[in-house]
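Okay, so here's the structure we're looking at.
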Amino acid sequence: MTGPGVRALYRDPRLRGDRGQSVIEFTGMVPIILVTMVLLWQAALVGYTFVLAGNAADKAVSAGTATEGDRDAACKRAGQEDLPGSWSYQISCGQDGDLVKARADLEVPLLFPGAFNLPITVPGRAAAATERN
């Protein structure tokens, strides 16, 4: 179809340039950019939860090995000390001979800590020998 009407369309200056093309491309890319940012943020939260779980277990076992009295209470108190209040967690401690073991299980928050949690629990484990006088 190459009639005079088609040629007239190509001569129209409003239809020749690529004006407005960048707006269309940007509008199409916005959802992809937003989804990528949300996924990166969630990955950062998962990583931070792993750091918190490991640190809580280390602090708990350290306090448990140095305590002469109630190891379990000292262990749990030390493990909870540095955890943010918006993270859901469980800390347990036990003794196996001369070895004190601590376990810190933290739930991974969904996008914002304190609102909803993913059905993923991040484990933190630590063990150390008891200190003797």
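The values are calculated or read from the model by the stated rules, or taken from the named source; none is laboratory data. What you see is a predicted model; the values in this text were computed from it and never measured. No Cβ is skipped: glycine too gets one built from the backbone with ideal geometry, and neighbour counts run over all protein chains shown. These area figures cover heavy atoms from the full protein model, side chains too; ligands, DNA and RNA do not enter into them. Shrake-Rupley method; radii C 1.70, N 1.55, O 1.52, S 1.80 Å.
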Open item on the list: Return the pair list, or none, for Cβ contacts closer than 7 Å from residues in the range 114-133 that are among the hydroxyl-bearing types (Ser, Thr, Tyr) to residues that are at pLDDT below 85 and open to solvent by less than 40 Å² (accessible area, probe 1.4 Å), at least 6 apart or on different chains.
Closed with: Thr130/Thr65; Thr130/Val100
Task: Count of the range 41-72 residues which are part of a loop (DSSP other than H, G, I, E, B) and either within 16 Å of Ala126 (Cα to Cα) or polar (S, T, N, Q) (or both) - done: 1
Task: Meets criteria (at pLDDT 80 or above and either assigned to a helix (DSSP H, G or I) or in contact with a Lys or Arg (Cβ under 7 Å, 6 or more places away or on another chain) (or both)) for Ala8 - done: no
Open item on the list: Pairs please, first residue from the range 95-112 and on the phi > 0 side of the Ramachandran plot, second anywhere and of a type outside the set (Gly, Ala, Ser), Cβ atoms under 8 Å, 6+ apart in sequence or on different chains.
Closed with: Leu111/Val38; Leu111/Trp41; Leu111/Gln42; Leu111/Leu45
TODO: Identify all residues within the range 24-58 that are under 30 Å from Ala128 (Cα atoms), touching a residue at least 60 places away in the same chain (Cβ under 8 Å), out of contact with any helix residue (DSSP H, G or I) (no Cβ under 6 Å at 6 or more places or on another chain) and of a type outside the set (Val, Ile, Thr); write none if there are none.
DONE: Leu45, Phe50, Leu52, Ala53, Gly54, Asn55, Ala57, Asp58
Open item on the list: Looking only at residues that are open to solvent by 100 Å² or more (accessible area, probe 1.4 Å) and at pLDDT below 90 in the range 17-45, which one is nearest to the chain's Cα centre (by Cα)?
Closed with: Phe26
TODO: Determine the pairs where a residue that is within 15 Å of Val100 (Cα to Cα), located within the range 72-87, has a partner that is open to solvent by less than 70 Å² (accessible area, probe 1.4 Å) and not in a helix (DSSP H, G or I) with Cβ atoms under 6 Å apart, the partner being 6 or more residues away or on another chain.
DONE: Asp72/Cys93; Ala74/Thr67; Cys75/Cys93; Cys75/Ala102; Lys76/Ile91; Gly79/Ile91; Gly79/Ala104
Task: Test result for Arg71, touching a Phe, Trp or Tyr at 6+ places or on another chain (Cβ under 9 Å) and modelled with pLDDT under 80 - done: no
Task: Candidate set: the range 121-133, residues that are open to solvent by 50 Å² or more (accessible area, probe 1.4 Å) and at pLDDT below 85; chosen: the one farthest from Ala44 (Cα to Cα) - done: Asn133
Task: Single residue of the range 73-120 satisfying the filter (assigned to a helix (DSSP H, G or I) and touching a Lys or Arg at 6+ places or on another chain (Cβ under 7 Å)) that is farthest from Val46 (Cα to Cα) - done: Ala78
Task: Out of Ala115, Ala56, sole residue that is open to solvent by 50 Å² or more (accessible area, probe 1.4 Å), of a type in the set (A, V, I, L, M, F, W, C), within 18 Å of the chain's Cα centre (by Cα) and within 30 Å of Leu39 (Cβ to Cβ) - done: Ala115
